[in-house]
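First the structure, in the form of structure tokens, and then the observations on it.
Nothing in this text is a laboratory measurement; each read-out follows from the coordinates by a stated rule. What you see is a predicted model, and the numbers here were worked out from it, not measured in a lab. All Cβ positions, glycine included, derive from the backbone under ideal geometry; neighbour counts span all protein chains shown.
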Amino acid sequence: MIKVAIAEDDFRVASIHKQFLEKMTGIEVVGQALNASEALALAEQEEIDVLLLDNYLPDQSGVSLLPELRQKYPGLDIILITASTERTVVEASIRNGVLDYIVKPVTFNRFQAALNKVMTRREWFESNEEFNQSVIDQVFTGSHTNTQSVSLPKGIDPLTLKKVQETMESFKHGINAEEVSEYLGASRTTASRYLEYLISAGKAKAELEYGIVGRPERKYYLI
């Protein structure tokens with residue numbers, strides 16, 4: 001679950017961003033700030049993975065806040081969402097490690113693409129200790145946004161796969177194919193296909209669990 005906070009002084013814009021986030025799976029909105037001071041306080045109080053940051057905040061610009069955020073929270077992903085198009089603002093954002101830059105007004109598709117970039121990159125970092133040149137190139141160029149869907153085998157949909165993984169995260173003691181099928185609203189065969197794919201991709205494992213009676217049950221766990 002990716003924890004996201006919004007730093008935006010216009011409550012109408014903040015509400016739109018929150019609605020966008022609520023449409024997406026695997027994301028939790030953990031707080032909202034109306035100015036830079038509140039954004040810093042929120043980062044201290046909450047565990048935040050992603051900050052959606054406006055530049056035109058009433059007490060301090062978002063760009064001027066970046067060095068402090070970078071120093072205190074090096075693992076924080078920041079997406080600047082602003083009407084600013086000046087070279088100095090764009091350059092400062094890049095040099096301070098902003099993951100993405102969206103110019104207002106924001107469309108849902110562009111917003112979703114930015115959050116998908118965050119989730120994909122975090123999944124890569126969590127599942128790999130080393131990266132080959134191809135993956136490194138994709139991370140730095142940003143072309144990895146659609147890499148997952150391109151590299152998946154036939155019959156494996158990226159959104160369904162993500163839903164399977166999120167379901168498995170809720171079952172720390174393992175889950176079987178029938179339970180996954182119920183959560184997906186799909187057949188047991190479909191659930192098994194996704195579970196076995198996760199095993200082949202090195203993201204899950206399966207163990208046989210022996211009950212009192214009947215055949216052993218195959219349970220799946222995320223790695």
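Give me D for the chain in µm² s⁻¹, whole number, from Stokes-Einstein with Rh from the Kirkwood sum over alpha-carbon pairs, 10 °C and 1.306 mPa s.
The diffusion coefficient I find is 82 µm²/s.
Ranking 77, 10 by Cβ neighbours within 10 Å, fewest first, what do you get?
10, 77
At 20 °C and 1.002 mPa s, grab the translational diffusion coefficient of region 2-123 from Stokes-Einstein with a Kirkwood Rh over Cα pairs, rounded to a whole number in µm² per second.
Calculated translational D: 152 µm²/s.
Could you compute the FRET efficiency for residue 200 and residue 136, with r as their C-beta to C-beta distance and R0 at 30 Å, rounded to 0.05?
With a Förster radius of 30 Å, E is 0.80.
What is the helix-to-structure angle for 11-23, meaning the angle in degrees between its Cα long axis and the longest Cα principal axis of the chain, kept from 0 to 90 and rounded to the nearest 10?
With rounding to tens, the tilt is 20 degrees.
Test of understanding: extend the Cα→C-beta vector of residue 103 to 7 Å, then name every residue of region 63-90 with backbone N under 20 Å from that spot.
63-64, 79-90
For region 1-65 and region 80-136, write down the distance between their C-alpha centroids in whole Å.
Region 1-65 and region 80-136 have Cα centres spaced 15 Å from each other.
Once the other residues with Cβ under 12 Å from the Cβ of residue 121 are scored (Lys, Arg +1; Asp, Glu -1), what is the net sum?
Residues close to residue 121 contribute a combined charge of -3.
Suppose every Lys and Arg Cβ carries +1 and every Asp and Glu Cβ carries -1, with no other charges. What dipole size does the chain come out with about its Cα centre, to the nearest 20 debye?
Roughly 740 debye, rounded to the nearest 20.
If I stretch the segment between residue 166 and residue 125 completely, what's the gain in nm (0.36 nm per residue apart, minus their alpha carbon distance), one decimal?
Stretched fully, the residue 166-residue 125 segment lengthens by 13.0 nm.
Would you please classify the overall shape of region 152-222 from the alpha carbon gyration tensor, given that a ≥ b ≥ c denote the square roots of the eigenvalues, rounded means a/c under 1.5, and beyond that prolate means a/b larger than b/c while oblate covers the rest?
prolate
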